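In what follows, a structure is listed as structure tokens, so that the remarks can point back to it.
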Amino acid sequence: MDQAISCLGQAGCAKLIDFNPLRVNNVDLPAGAQFVIANSCVEANKAATNHFNTRVAECRIAAQILAKSQGLDWRKIKKPFDFQKASNSSFKELIEITQSVLHEQPYSIEEVCRILETTQQELILNSLNQNTANLKEFQLYKRVMHVFCEAQRVYDFRDACKLESCTAFEVMGKLMNQSHESCKDLYDCSCPELDELTKICRESGAYGSRLTGAGWGGCTVSLIPNDKLESFLDSIKERYYEKNDRLKNLFIESAFPTKPSDGISIVLS
């Protein structure tokens, strides 16, 4: 996705990007508000954790169990998209299937094998890899529910952009807030600093605020009314960045408004 928008970005509009195959559609943003990036200044040491690999494995196994429940060959399912395609389901239908099939409590590896009618050795071959072969417990409901709900929110956000500005911003902000709560509670990819900063952003006048990027640190993105930009930046500076000298020194480069811009281009001289 990062590579796609870097190449296909266009000034003045957002992009709805679909994959398999790659498809890009313009989304016109309503006038009267802008997005503000605010860095939590927490750096996630991705190489030192297994968070990413674990999420991939959990989503894969969840999709495989859902596929088996619908009479599909679970061994052919490698990711939630495969299950969506094989079952020909909408995101709302996928959410309903997930709610009816998976329980919210963690699954043990023994329970997964029992449901899939397979052995641990075969599960490692079909569903895990060398980085996740030692996992014994899986958060299946939470992970795949986040994936399907987040995908639905993308299309809901696109539709909200077509509403009258005042209504659009309220709906867009609500979806951003829901996204952050899902990242925090279902996908477990937030951190205390991101939760604190998004809360401050909302209390400082944002319609909505959420983490952006991979999570476990990094930046937030907030939707701000144009006439509240200055007071918003002053508020988050005082409440978040002036907590200590390190954050205070990072403020100027860490919080700024942004807008859709052109992607890469060839410059002929």
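The values are calculated or read from the model by the stated rules, or taken from the named source; none is laboratory data. From a predicted model like this one, the values you see are computed outputs, not experimental measurements. Don't worry about glycine lacking a Cβ; one is built from the backbone with ideal geometry, like all the others, and counts go over all protein chains shown. When the accessible area is computed, the model is the full protein with side chains, heavy atoms only, and any ligands, DNA or RNA have been set aside. Shrake-Rupley method; radii C 1.70, N 1.55, O 1.52, S 1.80 Å.
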Quiz item: Over the stretch 118-249, what is the relative contact order in whole percent, taking alpha-carbon pairs under 8 Å and six or more residues apart?
Solution: 17
Quiz prompt | Relative contact order, percent, the chain [alpha-carbon distance under 8 Å, six or more residues apart] | solution = 29
Quiz prompt | the chain - accessible surface per residue (Å², probe 1.4 Å) | solution = 54
Self-check item: Rounded to whole Å, sorted largest first: equivalent-ellipsoid semi-axes of the stretch 104-157, Cα gyration tensor
Solution: 27, 12, 10
Quiz item: Using a Förster distance of 41 Å, how high is the FRET efficiency between ASP156 and THR119, based on the Cβ-Cβ distance and rounded to 0.05?
Solution: 0.50
Exercise. Whenever you get a sec, compute what percent of the accessible area on the stretch 31-177 sits on carbon and sulfur atoms (1.4 Å probe).
Key: 50
Quiz item: Rounded to the nearest 0.05, what FRET efficiency do LEU229 and VAL24 have when you use their Cβ-Cβ distance and R0 = 30 Å?
Solution: 0.55
Quiz item: Using r as the Cβ-Cβ distance of SER265 and HIS103, and R0 as 51 Å, what FRET efficiency do you calculate, to the nearest 0.05?
Solution: 0.50
Quiz item: If you bin the C-alpha pair distances of the stretch 27-142 every 5 Å from 0, what whole percents do you get?
Solution: 2, 10, 19, 19, 14, 10, 10, 8, 5, 2, 1, 0
Quiz item: Which of the lysines could a cross-linker bridge to LYS248, judged by Cα under 18 Å and excluding same-chain residues fewer than eight apart?
Solution: LYS237
Practice problem: Give, to the nearest whole percent, the P(r) tail of the stretch 167-219 beyond 19 angstrom, counting all Cα pairs. | Solution: 19
Practice problem: Just need log10 I(q)/I(0) for the chain at q = 0.12, 0.13, 0.14, 0.17 Å⁻¹, Debye formula, equal scatterers on the alpha-carbon atoms, no solvent, rounded to two decimals. | Solution: -0.84, -0.96, -1.07, -1.34
Quiz item: Which whole-angstrom value gives the distance between the alpha carbon centres of the stretch 187-248 and the stretch 38-107?
Solution: 29
Quiz item: Which shape class, rounded, prolate or oblate, goes with the stretch 110-256 when its Cα gyration tensor gives a ≥ b ≥ c as root eigenvalues, a/c under 1.5 marks rounded, and past that a/b bigger than b/c marks prolate?
Solution: oblate
Quiz item: Expressed as a whole percentage, what fraction of the accessible surface of the stretch 220-267 belongs to carbon and sulfur atoms when a 1.4 Å probe is rolled over the protein heavy atoms?
Solution: 50
Self-check item: Paramagnetic label zone (point 7 Å from Cα along Cα-to-C-beta, SER165; backbone N under 11 Å) in the stretch 1-33
Solution: 30-33
Quiz item: If you line up the long axis of helix 140-160 against the longest principal axis of the chain, both from Cα atoms, how many degrees apart are they, to the nearest 10?
Solution: 40
Exercise. Note the angle between two axes, namely the Cα long axis of helix 165-185 and the longest principal axis of the Cα atoms of the chain, as a number of degrees from 0 to 90, rounded to the nearest 10.
Key: 50
Quiz item: What is the total of Lys pairs in the stretch 110-234 with C-alpha atoms under 19 Å apart, excluding same-chain pairs fewer than 8 positions apart?
Solution: 7
Self-check item: Helix axis angle, 91-101 relative to the chain longest principal axis, alpha carbon, degrees
Solution: 50
Quiz item: What does the charge dipole of the stretch 93-137 about its Cα centre add up to, to the nearest 20 debye, if the Cβ of each Lys and Arg holds +1 and the Cβ of each Asp and Glu holds -1?
Solution: 200
